[in-house]
Amino acid sequence: MSRAPFDLVIRNACVATASDTFKADIGVLDGRISQLGVGLDRGEKEIDAAGRIVTPGGVDAHCHLDQPMAPPVRMADNFDTGTRAAACGGTTTVIPFAAQEKGQSLRAAVADYHQRADGRAHVDYAFHLIVSDPTPEVLNVELPALIAEGYTSFKIYMTYDDLKLDDGQILDVLDVARQHGAMAMVHAENADCIEWLTKRLEAAGRTAPRFHAHARPMLVEREATHRAIALSELVDVPILIVHVSGREAVEQIRWARAQGLKVFAETCPQYLFLTAEDLGMDDSYRGARCVCSPPPRDKANQEVIWNGLNDGLFTLFSSDHAPFNYEGTEGRKPGGEEVSFRHIPNGLAGIETRMALLYSEGVLGGRITLQKFVELTATNPAKAYGLHPRKGTIAIGADADLVIWDEREFVLRNTQLHHAVDHTPYEGMTLKAWPGLTLSRGEVVWDGRDFHGRAGRGQFLACGAPSLMPSRHVGRPA
Ligand code: DUC
Ligand code: ZN
Ligand code: ZN
């Protein structure tokens with residue numbers, strides 16, 4: 001028989017995009033979707049998806065993999081294990097961070113990060129930059145050149161001693177984003193307030209993990225969020241406030257939107273499914289496993305985040321996967337001993353569970369529509385970072401990055417996961433769905449039981465201009 005017109009046909013799919021749900025066969029040729037329709041011709045391979053939802057593969061636009069840390073702390077996931085976990089959880093594109101150390105050139109940080117990724121990734125990846133040392137060379141030469149080469153987004157920090165920028169530096173960096181059309185992501189927490197509170201807690205002997213949340217109350221996030229918005233207004237450039245945790249930051253963002261300011265917002269699973277109580281109700285060290293910044297809040301704030309996901313306040317739902325082991329001596333949270341909360345590495349594992357948590361509790365729990373799920377987990381992240389329409393949608397010409405969902409109840413255990421982290425913050429949760437099949441550029445990388453990736457098959461993606469951006473320079477005085 002002659003060769004079939006498609007490499008693969010997925011039959012009878014219930015295709016969900018950010019705008020519609022429709023029944024169709026999906027024809028795949030050379031890794032791309034080449035046809036969508038009913039009764040498509042033959043494929044070399046065929047998959048029957050009758051009765052099942054098919055969504056675009058997830059785009060996890062905020063995750064940390066193999067990011068250099070000060071020893072003995074080490075991230076548990078590199079590009080191999082991190083993208084393996086991503087694939088098994090239905091994510092087919094990841095965007096981790098090439099982080100500049102103070103004193104280091106941005107170019108060197110990017111070159112080093114490529115070495116860490118080369119030959120290891122199982123799914124496609126792009127890089128954000130982290131700008132921690134905005135020297136004149138970085139602002140005038142390196143950053144503009146890197147943006148032009150496809151590194152079109154960068155994160156800036158308002159806290160963490162080794163990363164934080166002062167307001168003047170933030171204005172300088174935002175101005176580069178404005179001039180060159182990049183997306184600026186902001187970690188908004190007030191560093192001085194955190195340090196002041198931390199010293200007082202330590203002086204009182206309050207050093208257990210749970211005091212991490214006491215050192216970072218919502219007002220430190222609220223103040224920094226407001227300041228970031230004001231700085232972006234001054235420069236007249238859009239910003240994206242990342243990992244928003246609760247009501248007070250949400251109120252600032254709603255206020256900004258009401259003023260017509262271009263402020264985008266991202267949230268993460270930990271702000272829907274964890275509370276500060278997960279850091280411990282007493283002085284037990286076990287709460288170290290849930291230390292992240294901003295910290296999880298309370299049940300009422302979880303509702304605020306759900307509402308923001310539903311009503312369009314949030315543009316993106318990312319994992320902020322920052323993988324640290326709890327047991328052991330290497331990279332433990334941290335160093336094999338129980339330390340003051342100040343020294344516990346911030347971050348939670350979530351790259352593999354992000355999609356299923358939101359699908360289970362959001363879509364099947366009746367809190368958000370299937371369209372909103374696709375928008376938050378795939379389409380908007382691809383648009384925000386200039387990867388759409390190649391990524392983040394199911395359309396002719398797009399990469400065949402797809403998830404076929406299995407809807408079934410099960411209890412989540414870390415032993416089922418594929419990351420290299422020794423725990424999941426969501427251990428014991430009952431989920432209602434998990435990806436039954438993940439395809440990356442038409443290849444099955446996860447079949448619901450086994451992983452079929454290949455280190456190095458993941459391709460580096462140069463990002464284009466963010467297409468969520470409003471037209472540039474509108475309304476800016478001369
Ligand atoms: N907070 C961050 O800012 N980054 C990594 C993880 C975290 O908790
Ligand atoms: Zn952050
Ligand atoms: Zn992060």
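The values are calculated or read from the model by the stated rules, or taken from the named source; none is laboratory data. Note that the structure is predicted; figures quoted are calculated from it, not measured. Every residue, glycine as well, gets a Cβ built from its backbone with ideal geometry; the counts of neighbours run over all protein chains shown. All accessible areas refer to the heavy atoms of the entire protein, side chains included, with ligands and DNA or RNA removed. Shrake-Rupley method; radii C 1.70, N 1.55, O 1.52, S 1.80 Å.
Worth pointing out:
- All strands (runs of 3 or more DSSP E) inside region 85-193 with 3 or more residues being touching a strand residue (DSSP E or B) at 6+ places or on another chain (Cβ under 9 Å) and within 15 Å of ligand 3 (Cβ to nearest atom): 97-99, 128-130, 153-157, 183-187
- Within region 1-22, the set of residues being part of a loop (DSSP other than H, G, I, E, B), more than 28 Å from the chain's Cα centre (by Cα) and touching a residue at least 24 places away in the same chain (Cβ under 8 Å) comprises R3, A4, P5.
Residues checked against (1) open to solvent by 60 Å² or more (accessible area, probe 1.4 Å); (2) among the small types (G, A, S); (3) farther than 22 Å from P96 by Cα:
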position	(1), (2), (3)
G366	yes, yes, yes
A384	no, yes, no
A400	no, yes, no
E409	yes, no, yes
G428	no, yes, yes
R441	no, no, no
G453	no, yes, no
C463	no, no, no
L468	no, no, no
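- Matching residues in region 337-363 - criterion: being under 16 Å from F211 (Cβ atoms), open to solvent by less than 10 Å² (accessible area, probe 1.4 Å) and either of a type in the set (F, W, Y) or more than 16 Å from ligand 2 (Cβ to nearest atom) (or both): F341
- R257 vs. criteria within 30 Å of T93 (Cβ to Cβ), in a helix (DSSP H, G or I), out of contact with any helix residue (DSSP H, G or I) (no Cβ under 9 Å at 6 or more places or on another chain) and not aliphatic (A, V, I, L, M): yes
- Only listed residue being surrounded by fewer than 23 Cβ atoms within 10 Å (Cβ to Cβ) and either at negative phi or in contact with a helix residue (DSSP H, G or I) (Cβ under 9 Å, 6 or more places away or on another chain) (or both), chosen from G119, G103, G89, G82: G119
- Close pairs (7 angstrom Cβ cut-off, 6 or more residues apart or separate chains): within 22 Å of I130 (Cα to Cα) and touching a residue at least 12 places away in the same chain (Cβ under 8 Å) in region 183-210, surrounded by 14 or more Cβ atoms within 10 Å (Cβ to Cβ) and basic (K, R) anywhere: M185/K155; H187/K155; E189/R216; A191/K164; I194/R216
- Subset of region 196-217 that is in contact with a Pro (Cβ under 8 Å, 6 or more places away or on another chain) and in a helix (DSSP H, G or I) - its residue that is most open to solvent (accessible area, probe 1.4 Å): L197
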